[in-house]
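Below is one structure, written out as structure tokens; the observations come after it.
Read-outs: derived from the displayed coordinates by stated rules, not from any lab. Keep in mind that this is a model prediction, so the values were computed, not measured. FYI the Cβ positions are ideal-geometry reconstructions off the backbone, even for glycines, and counts take in every protein chain you see.
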There are 2 protein chains.
Amino acid sequence: MSITQFIHRGKHMYGERTAFVYGQRTTSYNELHERVSRSAAILQQLDSSEDARIGLLTAASDLAITLFFASSWAGMVPNYLNIRWSEHELAGSIDDFRCRILVVDDLFLDLGLALQRRCDCIEHLIYIGERENLPSSVLKYDSLYASAEAIEDDSVDIDGLAYINYTGGTTGKGKGVMISHRSHFAALNTIAAEGFVTAGDTLMALPLFHISGIAVSNSALMLGNTLHILPAFDPVQVMQVVQERQIVQALLIPTMLQMLVNHPQFEEFDLSSLRHIRYGASPIDQALLAQVQRKLPWADLMQVYGQTECVPATFLHHRDHGEAGVASGRTRSAGTPCLGVEIIIRDEDGKPLPRGEIGEITMRSSFVMEGYLNMPEQTATALRDGWVYTGDAGYMSEDDFLYVVDRIKDMIISGGENIYSAEVENAIAQHEAVVQCAVVGLSDEKWGEKVHAEVVLNPGASLSDSELTEFCRKYLATYKVPKSFCFVEAIPLTAVGKVDKVTIRQLRD
Amino acid sequence: MSITQFIHRGKHMYGERTAFVYGQRTTSYNELHERVSRSAAILQQLDSSEDARIGLLTAASDLAITLFFASSWAGMVPNYLNIRWSEHELAGSIDDFRCRILVVDDLFLDLGLALQRRCDCIEHLIYIGERENLPSSVLKYDSLYASAEAIEDDSVDIDGLAYINYTGGTTGKGKGVMISHRSHFAALNTIAAEGFVTAGDTLMALPLFHISGIAVSNSALMLGNTLHILPAFDPVQVMQVVQERQIVQALLIPTMLQMLVNHPQFEEFDLSSLRHIRYGASPIDQALLAQVQRKLPWADLMQVYGQTECVPATFLHHRDHGEAGVASGRTRSAGTPCLGVEIIIRDEDGKPLPRGEIGEITMRSSFVMEGYLNMPEQTATALRDGWVYTGDAGYMSEDDFLYVVDRIKDMIISGGENIYSAEVENAIAQHEAVVQCAVVGLSDEKWGEKVHAEVVLNPGASLSDSELTEFCRKYLATYKVPKSFCFVEAIPLTAVGKVDKVTIRQLRD
């Protein structure tokens, strides 16, 4: 029993209903079944080995998701490669993952060719675009598909791997998180049971290589929804699609939400169909939350927190986004443990800490990873007795709300004091002239590290270092107040839209 | 992480919302949290041993469910005893289960006292009713509760047992099915993800000792619904409650549905709030289905099939209950495998059979039992390599629909031919004068077994053996046509409302 069950169910339960809308192309659930079973034949013919793996280096598209499921159908393990990574980083994960087949689209054909030359494991490069006159080493998917005949589902056991997903490439060697079918089923059932995904047309404006993209695409197929796929996030395109196709639900990250509600054309679109906005990757800035609620009052909001290693971990439900939620501070939390998820905050020795005390967030559930591919030591560190050690620092309130304060490695130690950047960021964000901010520790001879803030101001607003310093003193102990500020146009983001603190530190250190 | 998570979540997510309505008594989610944490103190004080178990011999009630969760909270394993069983049968399961605490309500106080005398393991008898002047060996829950102080949740690991549930008592010694918290979470998440349960006021008119009762009560608490509990099924009371309290969803068994729609007072009630009717325990008779759809046209229907050992296993969704579903025969099926459930039909040697061929239904999922308590041999027979062998005979259609034809042991072997009673029953049920029928094999010198039918006719209708024989010949091979008929007022039912073939055979053999 693999997640190809969604493809079988799709055919007999949803039939002619549309599974994918991608540009002008639509695919029904019947067609998806045919596409997957025939594409699986292509893959199996190219690689019939027992440990066959397949790398997918493409923007989000109907075909990419089809090939993800075709991999399972063919008994292979798929991996959506991180399309924001450099050739060097990608080669590292491919050499680790040892895929014989690499799939690329128009955007990544050249990079795919370079990787084919560089990585000796790659035997076949499949191109899913429409270009003709390809180099001889490239197989064109359309041509292969034309002559492929459907094969029976040859997928693995429920305890076999559903996919591998690389994380952490920006802070060292990427780690290949291994997720079993059983685990993926459990995670998707939980997000459906909790109402994080529901029936209705779904927007997909996330990259597939991020766990949120996998969750959105696969849960849509599980529930028989129509998935409207955009190859990349573009605020105007998102608003157009929501309006035209009456999108009901979308998972966005706060940065995307900000780009939407602040867009000069925002008022031109009717977004009233969008009843469910889900966000993740980071808690929402309080000013942004207020703005979203003012501008999209019909939408219920729900936050997810988790890691590829164990996701979902917590949900902040819509009911906690209202006035009471803001007043109680719950909107600054990551919410409460999901159904079947246990969270314990631990000290450096792994001992559980009392509520209210900050320590490492650890979690256990039916959907933890199997481990990191080829990394027994890192696996032993991250996964102990069934518990995922997240590397995130946080605390649990008396009433079971989880507050994530920082990555443990992002914690600033200044003059021997632990400073959590989130706390400083929350203080700065209170200032009405501030749109966004990010706080990091920079090396300092005297203090070890000193607190530094990057700040984006409202258009037209101005603010001096000393004004902001004074403002911060109202909220923070002196040692937490930034020693330096940079007022910038925009804050650098990582591939998945999180604030890129590594880059900030490199720039300012 | 145990299912006490529902109690914690209930408090912080639903607070003052009503969890239970039972007669004139209502319990909010806040109150439920207090009730559970204080009741757990009572239980722990009476039995602090590590393998503490508790037997609950009560009709469905708010307090019974509260004590079920209090057991988990106190680190104990609860068991809703089968209230239809005889003292002898109950003593058998109690001696097997070895509970030191037995909880009884008004209906079962006398039986509880008898069991206390009979079973040496029972140390404490807790009475949850309101009677005064109790025998000295009885502890009154209300009195204990008045002085109990809440304790911290002391529940076990996610892989510990959530409950034990006895099955099969009518055909030999009852078997104690052991279900872990992890498994129960997975099952409830799946029924929510598939829409078998949803948000909204829920009717509970099922006994708690049946897995369906546990699923209905616990899923309601998981989703924050209000559960309206009736101590027993009574058609008029059900209709009253649905109308008065605007019940949205109810799980009923076909026999109950029949009693509802055929009730002379049916037209007197407004049941239009009842949008979701779920049924299980057996497929629905086609005439009854048509009647339900005509009389409750606003309700969507969904069937569940499974066993305590692995439930849910399949769902027949509402979409397959329409005209096309009837025409294609799907309404006679048990539906398609649930999300994450794999079903294989096997021959006597355990080898998978092709689609369309009848064999033993086996299933695998994340919610199979841990085994039978104290029965390693029966466990090894029923649970092999993670697969539950159901003892049900059935086949899988080309399009993934499961058809349950019989219990394997109910299969009739006549003159060397295998005859599935369901097939014969379906033929007889086609006759317009027939309301209900049941087919069994009776011992026969010549044939080994002969096919016998019990038939209930429409009021006023009459039918002779030879007329019905002739009618059956239109649908069945001669060897399958019953050799004898009994026209009866009603067909005997088991405790959970299934046709009681054991009793029929005893009566007629």
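What is the sum of charges around B:Leu111, taking Lys and Arg as +1, Asp and Glu as -1, for the other residues whose C-beta is under 14 Å from the C-beta of B:Leu111?
In short, -2.
So if I take the alpha carbon set of region A:26-156, get Rg, then get Rh from the Kirkwood formula, what is the Rg over Rh ratio?
Value, to two decimals: 0.94.
Place a +1 charge on the Cβ of each Lys and Arg in the protein assembly as shown and a -1 charge on the Cβ of each Asp and Glu, then give the dipole magnitude about the Cα centre in debye, rounded to the nearest 20.
The calculated dipole for the protein assembly as shown is roughly 520 debye.
Residues with beta-carbon under 12 Å from that of A:Asp51, excluding A:Asp51: net charge, scoring Lys, Arg +1 and Asp, Glu -1?
Here the charged neighbours net out to +1.
Only sites in a loop by DSSP and with at most 11 other Cβ atoms within 10 Å count here; which trypsin sites (Lys or Arg not before Pro) in region A:362-454 make the cut?
A:Lys446
Taking a point 7 Å out from Cα toward Cβ as the label site, list the nm distances between A:Arg275 and the same residue in every other copy, smallest first.
0.9
Choose one of A:Leu107, B:His181, A:Ala186: the residue whose Cα lies farthest towards the positive end of the charge dipole of the protein assembly as shown (beta-carbon charges +1 Lys, Arg; -1 Asp, Glu; about the Cα centre).
Final value for the positive-end residue is A:Leu107.
Can you compute the FRET efficiency between A:Gln378 and B:Ala290 using 1/(1 + (r/R0)^6), with r the Cβ-Cβ distance and R0 = 56 Å? Round to the nearest 0.05.
Once the sixth-power term is evaluated, E becomes 0.40.
Once amide H atoms are placed 1.01 Å from N in the peptide plane, what residues at a sequence separation of 5 or more from B:Leu493, or on another chain, have their amide H within under 5 Å of its amide H?
B:Asp500
For region A:412-508, calculate the relative contact order in percent as a whole number, restricting contacts to Cα pairs under 8 Å that are 6 or more residues apart.
That works out to 28 percent.
In nm, one decimal, shortest first: how far is the label point of B:Arg346 (7 Å from Cα along Cα to beta carbon) from the matching points in the other copies?
3.8
Please label the shape of region B:411-508 as rounded, prolate or oblate, based on the square roots a ≥ b ≥ c of the eigenvalues of the alpha-carbon gyration tensor (a/c under 1.5 means rounded; beyond that, a/b larger than b/c means prolate, else oblate).
Cα axes put region B:411-508 in the oblate bin.
What does the helix-only formula give at 222 nm for chain B: each DSSP H stretch with n ≥ 4 adding -39500 (n - 2.57), the total divided by the residues, and the result rounded to the nearest 500 deg cm²/dmol?
Per the formula, -9000 deg cm²/dmol.
Subtracting the Cα-Cα distance from 0.36 nm times the residue separation, let me have the gained length for A:Gln237 to A:Val326 in nm, one decimal.
28.9 nm
Please get the size of the charge dipole for region A:412-508, origin at its Cα centre, with Cβ charges of +1 on Lys and Arg and -1 on Asp and Glu, quoted in debye to the nearest 20.
Computed about the Cα centre, the dipole is about 180 debye.
Taking every DSSP beta bridge with both residues inside region B:126-239, roughly what % is antiparallel (nearest 5)?
55 percent
Restricting attention to region A:3-75, which GluC sites (Glu not before Pro) occupy a DSSP loop and are surrounded by at most 15 other Cβ atoms within 10 Å?
Answer in residue order: A:Glu16, A:Glu50.
Check the straight Cα-Cα distances from B:Lys446 and name the aspartates and glutamates below 18 Å, setting aside those fewer than 8 residues away within the same chain.
B:Lys446 reaches B:Glu417, B:Asp509.
Could you pull out every residue, at least 5 positions away or on a different chain, whose amide H is within less than 5 Å of the one on A:Asp392? Hs are placed 1.01 Å off N in the peptide plane, and Pro or chain starts have none.
Long-range HN contacts for A:Asp392: A:Ile361, A:Ile408.
Only sites in a loop by DSSP and with at most 16 other Cβ atoms within 10 Å count here; which GluC sites (Glu not before Pro) in region A:112-213 make the cut?
A:Glu123, A:Glu130, A:Glu132, A:Glu149, A:Glu152
Only Cα pairs under 8 Å and at least 6 apart count here; give the relative contact order of region A:26-156 as a rounded whole percent.
For region A:26-156, the relative contact order is 31 percent.
Take every Cα pair under 8 Å in chain B that's 6+ residues apart, average their separations, divide by the length, and report that relative contact order as a whole percent.
10 percent
Which whole-Hz ³J(HN,Hα) couplings does region B:393-402 yield from phi under the Karplus relation 6.51 cos²θ - 1.76 cosθ + 1.60, θ = phi - 60°, glycine and proline marked x?
Going residue by residue, I get 9, x, 9, 10, 6, 4, 9, 6, 8, 8 Hz, with x marking Gly and Pro.
Using Cα positions and a limit of under 29 Å, work out the lysines in reach of A:Lys295, with same-chain residues fewer than 8 apart set aside.
Result set, ordered by chain and number: A:Lys498.
How many Cβ atoms of partner chains, on average, are near each residue of A:361-369 if near means within 10 Å of its Cβ?
Mean partner shielding for this stretch: 2.
Mean projection of the alpha-carbon convex hull of chain B over all orientations, in nm²?
The Cα convex hull of chain B, projected and averaged over all directions, gives 24.0 nm².
Lysines within cross-link reach of B:Lys474: Cα-Cα under 22 Å, excluding same-chain residues under 8 positions apart?
B:Lys450, B:Lys483
Which helices, taking whole DSSP H runs in chain B, have alpha carbons extending 24 angstrom or more along the helix axis plus mean Kyte-Doolittle at least -1.0?
Passing helices, by number: B:29-46.
List the residues whose amide H sits under 5 Å from the amide H of A:Val103, counting only those 5 or more places along or on another chain, with H placed 1.01 Å from N in the peptide plane.
Here A:Gly55, A:Leu56, A:Leu57, A:Ile126 satisfy the definition.
For B:Gly416, go 7 angstrom from Cα along the Cα-to-Cβ vector, then report the distances to that same point in the other copies in nm, smallest first.
9.5
Would you mind giving the mean number of other chain beta-carbons within 10 Å of the Cβ of each residue in A:323-334, as a whole number?
Other-chain Cβ atoms within 10 Å of each residue's Cβ, averaged: 0.
Of B:Gly448, B:Met76, A:Ile7, which is farthest along the charge dipole of the protein assembly as shown in the positive direction, counting Lys and Arg as +1 and Asp and Glu as -1 at C-beta?
Most positive-ward Cα: A:Ile7.
Based on Cβ point charges of +1 for Lys and Arg and -1 for Asp and Glu, what charge dipole magnitude is obtained for region B:46-199 about its Cα centre, in debye rounded to the nearest 20?
My answer is approximately 560 debye.
Taking 0.36 nm per intervening residue step and subtracting the Cα-Cα distance, what contour gain separates A:Asp142 from A:Glu417 on full extension?
Gain on stretching A:Asp142 to A:Glu417: 93.0 nm.
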